[in-house]
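The values are calculated or read from the model by the stated rules, or taken from the named source; none is laboratory data. Computed from a predicted structure; not experimentally measured. Quick reminder, even Gly has a Cβ in these numbers, built from the backbone with ideal geometry, and neighbours come from all protein chains shown. Heads up: the accessible areas ignore ligands, DNA and RNA and are worked out on the full protein's heavy atoms, side chains in. Shrake-Rupley method; radii C 1.70, N 1.55, O 1.52, S 1.80 Å.
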Amino acid sequence: MLYRSLGILLLGAGSTLWSSFASAQESMHGMMMPMMRAETIKAPLLPHGAVLQEIAKLANQSKQANLFKADVIAAPVETEFVAGKKTTVWAYNGSVPGSLIEVNEGDTVEIRFINQLPQPTTIHWHGLPIPPEQDGNPMDPVLPGTEHSYRFTLPEGSAGTYWYHPHPHEYTAEQVYKGLAAPFIVRAKNDPLKNIPERNLMISDLKLNSDATIANNDGNDWMNGREGQFVLVNGQYQPVVEVKGTERWRIWNATSARYLNLSLGGRKFTLVGADGGLLEKPVRDLQKLLLAPAERAEIIVDATGQEGNVSLVAEPYNRGKMGHVAAEKSINIAAVSLLAGQSIAIPDTLRKIDDLGEAKATKKMVFSEAMSMANGQHSMLFLINGKSFDMHRVDFTSRIHETELWEIVNNSDMDHPFHIHGTQFQVVETELNGIRTPAPYKAWKDTVNARPGETVRIKMRQDFPGLRMLHCHILEHEVQGMMAIQLVE
Ligand code: C2O
Ligand code: CU
Ligand code: CU
């Protein structure tokens, strides 16, 4: 990649250096683009107010117990977001989001994947504890017009809320914003909340040109991460949800870069699950929940006693965007009517989460941003430990089955969500301005946000040998080099 060999100039606090280049022209991925000016596109009108639809489940073609078998096809398809105008999206099995894969702990999953895209791609099974060679690494591309089978077995204790999306070298952001992302649920043998009706809310982002085609990333998108004019739930714009009594919601932040600072009109809800399944104990009486890109949560909404018509809103969150960007504003995601109904109690203990034990090794992973000025061209670099991603370089070496303490350091002016493949970790504490805050509750996570200047300490263990990716899950940053490789041996 072009910028790997370029000279690097570190950015100081406040990014004043950056703003002085605000109008520079830059070529990236062969395109000339204005670096900082967000192109203001006159957005077409999207219909809203329809009843929220469920995401269709992928049918199991296997007759064998404990085996889930299906085909997944990635292909361009035409859809109609705007009445009378065609939008070509890239979809898994023809829909955006793609179909839900729902399996049970202990199941073996066999997916025959057919790539009908004009680009190489992979399927990455975000968050699942599976061998690296089945996990859709960029080193294992599925070329256009070819197919590939993925096979893995999901162990006891892996029940949770996951997703799958492409992970090819250089094209991940584009393929996801064109529509390739889908939910994956692993169900528990014994689920303490199984009597509560469930609802899936996969939140994604859509940026359209005025003719309703999917917009390319502009310079601002490459810098701050892409945010479109529309936030969708299950592929729908501002749908209507009716909640009668108690419901369990699984929520995915499947956007490229948007932080979802969720609220429900001041109504209270209970957090019961994170990326890797249920918490040890419910966290009650919440009114806000921040989901960084790629994070998931399970919440319980009990409408009884707090009836009324409210909105599911993403409230403003300042994530330190660079350049001259519009002020953050509230975004209505869905209209929710809360109706009295059967109230279902949540037990005080949801499951046991064992501590990962004493760490045998320590790793330090530093996110930073830098300005490159090579060849008279200005471009931003997004780095891990001072380096841009290199597919042929190992950045961290870890021992299999050994608990490690990782320090995730954000040495930049923007929030970056850290994600690692193949395992779930435990947040120990965060440290900001010298103040250490222990994790407020026990949870399994595969993605955690790091604010500017913050250090997040996590404990983790990898249980398969091979190469794992770790990266910022703002997908534009991942594509531009904020990714590294862990070798587990
Ligand atoms: Cu959700 Cu490496 O990705
Ligand atoms: Cu992942
Ligand atoms: Cu980032």
Exercise for review: Kindly establish whether THR397 is more than 30 Å from ALA50 (Cβ to Cβ), hydroxyl-bearing (Ser, Thr, Tyr) and open to solvent by 40 Å² or more (accessible area, probe 1.4 Å).
Suggested key: yes
Revision key, fill the gap. Within the stretch 408-433, the residues that are closer than 26 Å to MET139 by Cα and either out of contact with any Leu (no Cβ under 6 Å at 6 or more places or on another chain) or not aliphatic (A, V, I, L, M) (or both) are ILE408, HIS416, PRO417, PHE418, HIS419, HIS421, GLY422, THR423, GLN424, PHE425
Review point. Looking only at the stretch 172-193, which residues are open to solvent by 20 Å² or more (accessible area, probe 1.4 Å) and within 13 Å of ligand 1 (Cβ to nearest atom)?
Key: none
Review point. What number of residues within the stretch 105-151 are of a type in the set (S, T, N, Q), over 16 Å from GLN486 (Cβ atoms) and buried (at least 20 other Cβ atoms within 10 Å of the Cβ)?
Key: 4
Point to revise | Within the stretch 299-318, considering residues that are surrounded by fewer than 23 Cβ atoms within 10 Å (Cβ to Cβ) and under 19 Å from the mean Cα position of the chain (by Cα), the one farthest from SER256 (Cα to Cα) | key: ILE299
Check your understanding: Which pairs do you get when a residue that is assigned to a helix (DSSP H, G or I), found in the stretch 465-479, comes within reach of a residue that is within 12 Å of ligand 1 (Cβ to nearest atom) and open to solvent by 10 Å² or more (accessible area, probe 1.4 Å), reach meaning Cβ atoms under 6 angstrom, with the pair 6+ apart or on two chains?
Key -> LEU475/VAL176
Review point. Inside the stretch 374-394, can you point out the residues that are assigned to a loop (DSSP other than H, G, I, E, B), over 23 Å from the mean Cα position of the chain (by Cα) and either within 16 Å of ligand 1 (Cβ to nearest atom) or surrounded by 14 or more Cβ atoms within 10 Å (Cβ to Cβ) (or both)?
Key: GLN377, HIS378
Check your understanding: Quick check, is VAL428 touching a residue at least 40 places away in the same chain (Cβ under 8 Å) and more than 16 Å from ligand 2 (Cβ to nearest atom)?
Key -> no
Review point. So which strands (runs of 3 or more DSSP E) are wholly in the stretch 43-116 and hold at least 2 residues that are over 22 Å from the mean Cα position of the chain (by Cα), closer than 30 Å to LEU143 by Cβ and at pLDDT 95 or above?
Key: 67-82, 85-92, 108-115
